Each structure stands twice: as C-alpha cells, then as structure tokens.
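Input: a single structure, listed below in structure tokens.
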Amino acid sequence: MTTFNPAEFAPTGLTPVEMAKFASARRASYFVEQGMRLGLGTGSTAFWLVRVLGHMVREQGLQIRAVPTSERTAEQARAEGIDVVTLQDVGWLDLTIDGADEFDPALNLIKGGGGAHLREKIVATASDRMIVISDASKQVDTLGAFPLPVEIVPFGWQATRHLIEESLLGVDVGARKSTLRMNGTQPYTTDEGNLIIDLHLSRIANARQLSLMLNQIAGVVENGLFVDICDTVVIGHPDGSDEVIDLVADSGLTDDSDASDNIFKDIAD
Ligand SMILES: O=C[C@H](O)[C@H](O)[C@H](O)COP(=O)(O)O
C-alpha cells in the first residue's frame, strides 16, 4: 500500500471539466508506488496526472522512473522534476496511466485524439497494468462516435488512405469518411514523423477485427483502438468525486492472496 498522499495536491479555481479530469488523475495516483517504472500518458487528463506526480516527487519523496508517451508529456514531466527515462532504458513498466477518447463496457478504447496513440500503445502494452483516467463523457456503449486515428507513414500516403477506405467496405462501422489530420494548413505530423488519417465512423461493431484489419494494410503504423489492454478506468466527476470500473475486481477475484484482488480496498481518499 502506498505511503504517499496524492490528495495533498489540491489546486483551486478549476472549472467543472478540469475538476473531473483532476479527480480521476488524483485517484489513479494512489496506485503509484516507490521505485515504480511508470508510463505517462498524453492529453489534458494526463496533464493532471503529471501535476499530481510532480507534487509527490518534490514534496513527498516519491521516486519513480517515468516513460512519457509524447514529447509534450516529457517536457512537462521534466519541468515537474520527474525522472524521465526511455522505454529502452527500463525495458518494461510496472504501470501506465493514460487518458482515452472513448471507452466501452469491456474497457476497449479509442485513443489518439492528441496524435500520440502509437507511443501510447507501445508503452501500455509494455506495462504490467494500464489504468485509464477519464471524465464521464468518454464512456460509451459502443466505440466509434469519436474519429478513429490511424497513423500512417508519409510515403505514398494517398494510396494507403485509399486502401484503408476500401477495407472499411467489408466491416460494420456505419458511416465511412476519412480525413487527413491537419495542423493549420500543413498535415499534422506525429512524434514519429508520420501522418494521421482520422476515420469518421458511426459505430465499431467489432473493435478487434477492425484493429487487426487496419494494421494489415501496408503503410499503416498503428491505429487508435486499444483492445484488451486496459482493465481499470477511473472516472472523475465535476464535484471532485470519482468512481472506478475495474474488470479484475468485477471478475469476482476476492481472495486476499491474489495479487489481482480488488486493489481499491486499501485506498483512503
Ligand atoms: O493522443 C492522445 C491520447 O490518446 C489521449 O489520451 C486522448 O486523446 C485523451 O486526451 P484527453 O485527456 O485530452 O481527452
């Protein structure tokens, strides 16, 4: 059980939306333990995670080695005094905490609204555990309302886009429109120097099938579907409260000797 207290960090004057994001990040920070190798997500919710962890490092003596999932997060983490390392340095991670654009009842995700899903998926799958931090607006019955990002290499990108569009004809996704993500008048480029095609679908009936299909196309580097990667989502609310959806705990594992028992039982907010 952690001896650190994320609740000590208490910013004031937050908007309801920011409070919800902060509340989820604060709750997830209770899982961070001394000496952990930690994956740090990207986005406006992960921003609060890095703020809380920065406080714990500077004020409470928390020692972690953190692998950020984007240059943005790396810069923020360094500024917070967090020890930033690479995945190559540590090889494997104990825990990754990251935001999401959508999550469904099985805790499958759409990520990449901020363009970071390639590194995020590498980091999350190189972790013992992934926890998603979120506000309630990201909770959906079926994935697909949020545009699905697909990272592709710049070489021959129009042909890759064509093949992606063609492949969608065979799957149950409702609407089928694709756009090249832009940054002003220029194509958006990821931290890896690639492009992003956003798929505007209306539902994703089979996330695993779609993910595998997209990743088979030459030129596709990675898509934003995270299937069977996350087993815990922490939802923050505008009043500062939070709730936890934990597939592991819901599976009925109640034996205290089991490491995957309900890990929330010892947490005191
Ligand atoms: O590429 C960005 C990431 O996948 C983010 O985790 C995701 O877009 C959620 O970001 P936010 O917390 O800003 O909604």
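Cα centroids of the range 127-178 and the range 66-95: 26 Å apart. A simple spin-label model places pseudo-atoms 7 Å from Cα toward Cβ; at residue 128 and residue 186 they are separated by 4.2 nm.
Assuming charge only on the beta carbon of Lys and Arg (+1) and of Asp and Glu (-1), the dipole of the range 1-86 about its Cα centre is about 120 debye to the nearest 20. All C-alpha pair distances within the chain, sorted into 10 Å bins from zero, spread as 7, 30, 35, 21, 7, 1 percent across the bins. A simple packing score, the average count of other Cβ atoms within 10 Å per residue, orders the peptides 12-19, 49-56, 122-129, 202-209 as 49-56, 122-129, 202-209, 12-19, with the highest score first.
Rounded to the nearest 20 debye, the dipole size of the chain about its Cα centre is 940 debye, using +1 on the Cβ of Lys and Arg and -1 on the Cβ of Asp and Glu. Summarising the overall dimensions of the range 16-132 from its C-alpha atoms, the Rg and Dmax are 12.9, 38 angstrom.
Site pair residue 145 and residue 157 shows an inter-label distance of 2.9 nm when each label is modelled 7 Å from Cα along Cα→Cβ. Extension gain, residue 88 to residue 228, is 48.0 nm, computed as 0.36 nm per intervening residue step minus the present C-alpha separation.
A compact globular protein would have a Cα radius of gyration near 2.2 N^0.38 Å; the ratio found for the range 148-221 is 1.06. Packing-based ranking of 224-234, 177-187 yields 224-234, 177-187, ordered from highest to lowest mean Cβ neighbour count within 10 Å.
Dipole of the chain computed with +1 at Lys/Arg Cβ and -1 at Asp/Glu Cβ about the Cα centre; of 209, 244, 148, farthest Cα towards the positive end is 148. Across the options 167, 64, 124, the greatest Cα extent toward the positive end of the charge dipole of the chain (unit charges at beta carbon of Lys, Arg, Asp, Glu) belongs to 167. Note that the range 87-205, at 10 °C in a medium of 1.306 mPa s, gets a Stokes-Einstein diffusion coefficient of 102 µm²/s from its Kirkwood radius over C-alpha pairs. Shown for the chain: lysine pairs separated by 8 or more places, or found on different chains, whose C-alpha atoms are under 22 Å apart, numbering 8.
Since every read-out is calculated from the coordinates, none of them should be taken as a lab result. On a predicted model such as this, the values are computed, not experimentally measured, just so you know. FYI the Cβ positions are ideal-geometry reconstructions off the backbone, even for glycines, and counts take in every protein chain you see.
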